[in-house]
Amino acid sequence: MKSLIIADNSIEDVFLKLQQNIDGTLSRGDGMFNFQANEIGISGKFSGNCYSNSVSFIKCNLSLKEPVAIHLQPSRHTSFLYFIFCNKGKIMHKGKKRDLYRPIYQHQTTVINPGEKGMQFILPKELTHELIFIKINPLIYLRKEKFITNLDKNLQALYRNYNGKEGYTHYGNYNLKICDYFKEIENIKESGLLKNIFMEGQIKLLLALLIKQYNWDILNQNKISDLTNTELKKVKEVSDYIKNNPSFAHSIKKLTAKYLISPSKLQKGFKVLHNRTVADFIKNLRIEIAEEMIKNRDCTISEIVYDIGFTSRSYFSKIFKEKYDCSPKNYQEKLKLSLNI
């Protein structure tokens, strides 16, 4: 087993330590540290950066043929919190009270307030791992950043919960929505300073989602305890299927038979992932597609109603007006008028 002991005093120290212990190439470009591992048993990439001396992140995309043990020793600041999200694979974390490792599964969120002994992890072999570690000092962050949203209140509440609880870990629920933001980080196409600005924005957005997830977990501790990660994945597959086929005559019976999930689990999963029932999700999706069609296609309202799967134009007009405070016809007329000005 490959063992790494890393003092997390700065993001630069972390990457220099990786370079010392793993064969590979360290570079710095577009404002970020990048380490390409090229060792027998360990291949892949580490990337990371620090923003405002209060938020830093390390993102790992690794393929392992041998397990890797990591002992991450934080800096002397006990105020730091670590957020971990496992997009692929699995990571084992040693908790405070027992000398045992607990799994952090794919799509699971975790928050750790490390103690003096730091944090110990094992990345199992024969897996592809996609992980992100976000480190934040809430006190410095809140002092430097000026928010007009509820993020500051949520972060303050989280810090109050963790203050004085060194070594405490919150193993959160699964969150498939965060996967989409994980992909956004991968898909940034800009370069140079612009890429660094986009990256900082995406990391802070991801941090906001992880903080929101933590607060949701605390308020709804038992809400999805009976939904497994496999079941949530099926729910995500169902919602993706509906998005790709919005005009189909979807029914709970057909969807549950196709994806082998019970009606109650499907409905509960949609409430967790989309805060809507299945029927409301389909209705809202079709209305949003209709609005885009009115904007971008030269077609009649009747043609739109037919294309998106509604059978009643009057019902379509009713729910369109409920969402946009305007009938589809008036919306179309106002749009044409604005284009002619």
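The values are calculated or read from the model by the stated rules, or taken from the named source; none is laboratory data. Treat the numbers as computed from the prediction; the structure is a model and nothing was measured. Note that we place each Cβ from the backbone using ideal geometry, even for glycine, and neighbour counts take in every protein chain shown. The area values use the complete protein model at the heavy-atom level, side chains included, leaving out ligands, DNA and RNA. Shrake-Rupley method; radii C 1.70, N 1.55, O 1.52, S 1.80 Å.
When the accessible area of the chain is computed with all protein chains present and a 1.4 Å probe, what percentage of it is carbon and sulfur? Mind showing how you got there, number by number?
On the way: 9030 of 18170 Å².
Carbon plus sulfur share of accessible area: 50 percent.
Sequence gap at least 6, Cα distance under 8 Å: using those rules, report the relative contact order of the chain to the nearest whole percent.
Numbers: 536 pairs, mean separation 42.5, N = 341.
With pairs under 8 Å counted, the relative contact order is 12 percent.
What residues from region 286-300 fall in the zone where the backbone N is under 20 Å from a label point 7 Å along the Cα-to-C-beta line of Ser327?
In region 286-300, the label zone of Ser327 (backbone N under 20 Å from the point 7 Å along Cα→Cβ) covers 287-288, 290-295, 299-300.
Could you check the simple spin-label distance between Ile140 and Leu260, using points 7 Å along Cα→Cβ, in nm with one decimal?
In this crude spin-label approximation the distance works out to 5.0 nm.
Given the protein chains as shown and a 1.4 Å probe, how many square angstrom of Ser43 are accessible, to the nearest 10?
50 Å²
Students often check this: by mean Cβ neighbours within 10 Å, which of 171-182, 308-319 ranks highest, and how do the rest follow?
Details: 171-182: 18.1, 308-319: 14.4.
Ranked by mean Cβ neighbours within 10 Å, highest first: 171-182, 308-319.
Using a 1.4 angstrom probe and counting only protein chains, how large is the accessible area of Cys50 in Å², to 10?
Accessible area of Cys50: about 50 Å².
Please give the Cα centre distance for region 18-96 versus region 262-278, rounded to the nearest Å.
Each part reduced to its Cα centre gives a spacing of 35 Å.
Taking Rh as the Kirkwood radius, which is the inverse of the mean 1/r over Cα pairs, what is the Rg/Rh value for region 173-301? Before the final figure, lay out the partial values.
Numbers: Rg = 17.7 Å, Rh = 17.0 Å.
Expressed as Rg/Rh, it is 1.04.
In nanometres, what is the gap between the two model label sites at Ser3 and Asn38, each 7 Å from Cα along Cα-to-Cβ?
2.9 nm
Which residue, Asp298, Asp217, Asp23, tops the fluctuation ranking in a GNM of the chain built on C-alpha contacts under 10 Å?
Comparing Asp298, Asp217, Asp23 in the GNM, the peak value goes to Asp298.
What does the charge dipole of region 1-129 about its Cα centre add up to, to the nearest 20 debye, if the Cβ of each Lys and Arg holds +1 and the Cβ of each Asp and Glu holds -1? Walk me through the intermediate numbers first.
Details: 16 positive and 10 negative charges, 102 e Å.
It works out to roughly 500 debye.
Give the relative contact order (percent, whole number) for region 1-160; include only Cα pairs under 8 Å separated by 6+ residues. Write down the numbers at each step before the final one.
Details: 347 pairs, mean separation 37.6, N = 160.
Value for region 1-160: 23 percent.
Work out the charge dipole of region 275-340 with +1 on the Cβ of Lys and Arg and -1 on the Cβ of Asp and Glu about the Cα centre, then indicate which of Val305, Met293, Ser317 is farthest towards its positive end.
Going by the charge dipole, the pick is Ser317.
Using 0.36 nm per residue of separation minus the Cα-Cα distance, give me the extension gain between Lys336 and Lys125 in nm, one decimal. Walk me through the intermediate numbers first.
Values: separation 211, 0.36 × 211 = 75.96 nm, distance 5.94 nm.
Taking 0.36 nm per residue and subtracting the Cα distance, the gain is 70.0 nm.
Choose one answer from Pro67, Pro124, Pro328: the residue with the largest mean-square fluctuation in a GNM of the chain with alpha-carbon springs under 10 Å.
It is Pro328.
Go ahead and set up a Gaussian network model of the chain, Cα springs under 10 Å, then flag whichever of Asn161, Asn21, Asn34 fluctuates most.
So, out of Asn161, Asn21, Asn34, the one fluctuating most is Asn161.
With every protein chain left in place, what is the accessible area per residue of the chain in square angstrom, probe 1.4 Å?
Numbers: 18170 Å² over 341 residues.
Averaged over the residues of the chain, the accessible area is 53 Å².
Report the full-extension gain for the segment Gln156 to Lys45: residue separation times 0.36 nm, less the Cα-Cα distance, to one decimal in nm.
36.6 nm
Compute the normalised compactness of the chain: alpha-carbon radius of gyration over 2.2 N^0.38 Å, N being the residue count. Walk me through the intermediate numbers first.
Values: Rg = 23.5 Å, N = 341, 2.2 N^0.38 = 20.2 Å.
Computed over Cα atoms of the chain, the ratio equals 1.17.
Tabulate in residue order the Karplus-calculated ³J(HN,Hα) for region 248-264, using 6.51 cos²θ - 1.76 cosθ + 1.60 with θ = phi - 60°, rounded to whole Hz; enter x for Gly and Pro.
Ordered by residue, 3J(HN,Hα) equals 5, 7, 6, 9, 4, 4, 5, 5, 5, 5, 5, 10, 6, 9, 6, x, 5 Hz.
Say each of Leu194 and Ser52 gets a label point 7 Å from the Cα, pointing the same way as Cα to Cβ; how far apart are those two points in nm?
2.4 nm
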